[in-house]
Amino acid sequence: MNKGQSCGMSKSWEATLRKTQAAAKKRAHSIFGSMSVAHANDDFPDDGSQEDGSSHSGSEHAVSTEPTHVEKFLPNGDYYMGQWFENCPHGHGKYLWIDGCMYVGEWFRGQSIGKGRFSWPSGAIYEGEFKSGYMDGKGTYTGPNGEMYRGFWVMNMKHGHGSMHYETGDCYEGEWRHGLQEGQGRYEWCNGNQYIGEWRNGMVNGPGIMVWANGNYFEGNWLDGLPKGEGMFKWPDGSYYEGNWSNDPKEMSGTFHPASGSEGEVSTWDPQDLYKEILNECRVCPIEKISVYPSQKKLAAWRSQKNTEPKIRPGRMSVDSRINPSGGLWDNDASLAHEINQRLSIGGRDVDLEVLNLENYAPKINAPGTPGRPLKIPKAGKKPGEIITKGHKNYELMLNLQLGIRHAVGRPAPQINLDLKPSAFDPKEKVWTRFPPEGSKHTPPHNTCEFKWKDYCPLVFRALRKLFKVDAADYMLSICGNEALRELSSPGKSGSFFYLSSDDRYMIKTIKKAEAKVFIRMLSAYYNHVRAFENTLVTKFFGLHCVKLTGTIQKKVRFIIMGNLMCTEYTIHRRFDLKGSSLGRSTDKPEEELDASTTLKDLDLNFIFRLQKSWFQELCRQVDKDCELLEQERIMDYSMLVGIHFREASKAGDLIPSGSRTPVGYDDPESEQGLSAMDQLPVDAAWWASIKLGINMPARVERAIRIMDGESQGMEPTGEFYDVIMFFGIIDILQDYDISKKLEHAYKSMQYDATSISAVDPKLYSKRFRDFIFKIFVEDD
């Protein structure tokens, strides 16, 4: 390239740069008003001297330790004015995006944290508390059409107590959960009608009272916005209709009671008219969908230079510090300025570093308190289990199991009622079915040896599947479809074998006769517990069966079907099995052999799990309730299984702490990225609705190091945090404190500290388990 061409390109580049800055400045002035702006040369004197005239070399350059006030016009048209520290907004500041969204408020290391105000181009405004970029805490949202919510938020969702005024004139005041009305609440329509009572998933559900403006009212049970079950409708004159209500006239039954002294005209009233009246006059307004959440807004994308290497490009950071591989970074830090000089000369003119794209710079940052080397994403393990194919020793057993489940679940049955009779839990309540190879009147022909199939308490497990919202067809397809089951490579300590369905949704475990007896004994208490506590952490069970092989073998195999806690589209990077005991509670694998499929134990734990306040309180309540059940049933040796998915990592595999600067150097968009698309939290309501206690839970973990506290071990937090998605639940709940466990306790107590062993009395086990869980799970402040 000759000198003339080079000069022409430089002038063209400078002209484009000036236009971009001028446009950004014009937009900023139109919103914030006119203000003085320091010239580029005021920030970086040409001769390298400071304002007082002193000079220094790059190596002696002093780095500011206090936030400074800046005004930045960004190349993509965004604008920021406010306090700035360590290369990102820190303190009070205003950020205006090119699409018209604006945040004014407190910042902490590039995240909106504290009190602030976020406005949308539509005219919608949120004013209140922020946390890690999310609307979180107490705040008020005013929609573009005048609707307004005032109350508490958790991660962009209405959660806690709050009041909502709709554009129609309706209003609701009460409890919210994950963006929908749930709990006790009062809804008043603009026509004067009102409902006071229970809500679930944004609908009237449970006991409540509906009062009409004309004086009529209904008091009773509701389901999905309509009366269902026992209830009474009353007129102002004192007459009333009482009975069992249903939208289906065939299920409707009740009695009309006239007012004293007169039957009145309402005696001919049809109860089904009430449903028409509710559907026509008492519709609950839908919740407005927010087009883009503050946590989704990206900060300062940099333009790429056309003459830079195309395969190297920086990451991009959102307000909540998520990485977007398609964007850029904030300004590069001061240390880089001294490595390549504070300014670059292009076409004879000096240009600020903040408008250059320094693409190959990837600073190595260790978060404060990092104990040793940085954490890395655990290497991926192979898909667990061996596919059971023809020739496998358990191939025929798998076929028998699939035939039996298909028969048990698929046979016609009356509509199940969740209010089961005590006889349904009777241990004698079981069904034997013979499966000859040639088939029978009730069973299909098959290519395996003859076997007998036993269903334990079939009505109870049918009700449990309904309670857990398991569709019968999907259930059979997962376990009995064309895909084979997978057998896990090694049995557990108990000698049980585990099988996984092809879609990983269900786990099948072989159990001993004693365990089957324990489960049948506690089945009634278990059923009532999971029915009463929707967020229970105990394992979900879907069936208890037995296969008896006939002929010379005469072998009985009992097995139980349960939900797989780790069935998710996210990669589980770390998993822990935690009991609260210490004897033998560490993995026997060397560190270099650990991968994402390795299950670590108590002494391997190096994290403290931090949950948002409402979730932590719910966890405490639920662990107490679940442990009460297990203690009552004399169960011990259970554990908390915890799975962690880290949301942020560099391409090199280093985990990125929360709030740290985003590393750069991602590949071209067509190549594989350092993080999958699942690492970006979805914003659709369905995903947020899927979050439950122990399932799909956004949280943070704090890295910790183990220390000796006298004779016991403790964990010391390091202040190094990571954004994660968590899965956890209580597993292995079928071991009672029988004679073998009592003998184990007596024997080991003579050799070791009695408090360190797993085999202890259920009451002591429950207390120790709870104490341990409440140490490693804490409220995120």
query: How would you classify region 566-657 from its alpha-carbon gyration tensor, with a ≥ b ≥ c the square roots of the eigenvalues: rounded for a/c under 1.5, else prolate if a/b is greater than b/c, otherwise oblate?
result: oblate
- prompt: So what's the convex hull volume per residue for the Cα atoms of region 463-542, in Å³?
  reply: 110
query: For a label point 7 angstrom out from the Cα of Asp588 toward its Cβ, which stretches of region 737-781 have the backbone nitrogen within less than 17 Å?
result: 758
- prompt: Principal axis lengths of region 127-183 from Cα atoms, whole Å, largest first?
  reply: 34, 27, 12
- line: The FRET efficiency for Asn528 and Asp771, from their Cβ-Cβ distance with R0 = 22 Å and rounded to 0.05, is 0.25
- line: With DSSP loop assignment and no more than 14 other C-beta atoms within 10 Å, the trypsin sites (Lys or Arg not before Pro) in region 515-620 are Lys555
field: Two-site label geometry, Ser597 and Ala380: point separation in nm, points 7 Å out along Cα→Cβ
entry: 1.3
message: I'd like the FRET efficiency for Asp761 and Met148, computed as 1/(1 + (r/R0)^6) with the beta carbon distance as r and R0 of 56 Å, rounded to 0.05.
response: 0.50
message: Students often get this wrong: which residues of region 438-470 have the backbone nitrogen under 14 Å from the point 7 angstrom along Cα-to-C-beta of Lys555?
response: 449-452
query: Fewest first, what order do Ile739, Ile479, Ile508 take by the number of other Cβ atoms within 10 Å?
result: Ile739, Ile508, Ile479
message: Using Stokes-Einstein with the Kirkwood hydrodynamic radius over Cα pairs, what translational diffusion coefficient do you get for region 374-564 at 20 °C and a viscosity of 1.002 mPa s, in µm²/s rounded to a whole number?
response: 121
- request: Mind checking the full-extension length gain between His257 and Glu288? Use 0.36 nm per residue of separation minus the Cα-Cα distance, one decimal, nm.
  value: 6.9 nm
field: Potential lengthening between Ser163 and His69 on full extension [0.36 nm per residue; Cα-Cα distance subtracted]
entry: 30.0 nm
- request: Working from the alpha-carbon coordinates of region 184-283, get Rg over Rh, Rh being the Kirkwood radius.
  value: 0.96
- request: First measure r as the distance between the Cβ atoms of Lys430 and Lys250, then evaluate 1/(1 + (r/R0)^6) with R0 = 22 Å and state the FRET efficiency to the nearest 0.05.
  value: 0.10
task: Treating only the Cβ atoms of Lys and Arg (+1) and Asp and Glu (-1) as charged, compute the dipole magnitude of region 374-564 about its Cα centre; round to the nearest 20 debye.
output: 520
query: In nanometres, what is the gap between the two model label sites at Ser502 and Ile416, each 7 Å from Cα along Cα-to-Cβ?
result: 2.4
query: In nanometres, what is the gap between the two model label sites at Ile196 and Asp738, each 7 Å from Cα along Cα-to-Cβ?
result: 5.5
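Just in region 437-546: which GluC sites (Glu not before Pro) are loop by DSSP and have at most 15 other Cβ atoms within 10 Å?
In loop regions of region 437-546 (DSSP not H, G, I, E or B), the sparsely surrounded GluC sites (Glu not before Pro) are Glu438, Glu450, Glu483, Glu534.
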query: Under a point-charge model restricted to the Cβ atoms of Lys and Arg (+1) and Asp and Glu (-1), what is the dipole moment magnitude of region 489-642 relative to its Cα centre, in debye to the nearest 20?
result: 860
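Throughout, read-outs are computed from the coordinates displayed, never taken from laboratory work. The structure presented is a predicted model; accordingly, all values stated were derived computationally and were not measured. When we count neighbours, we look across all protein chains shown, and the Cβ atoms used for this are built from the backbone with ideal geometry, even at glycine.
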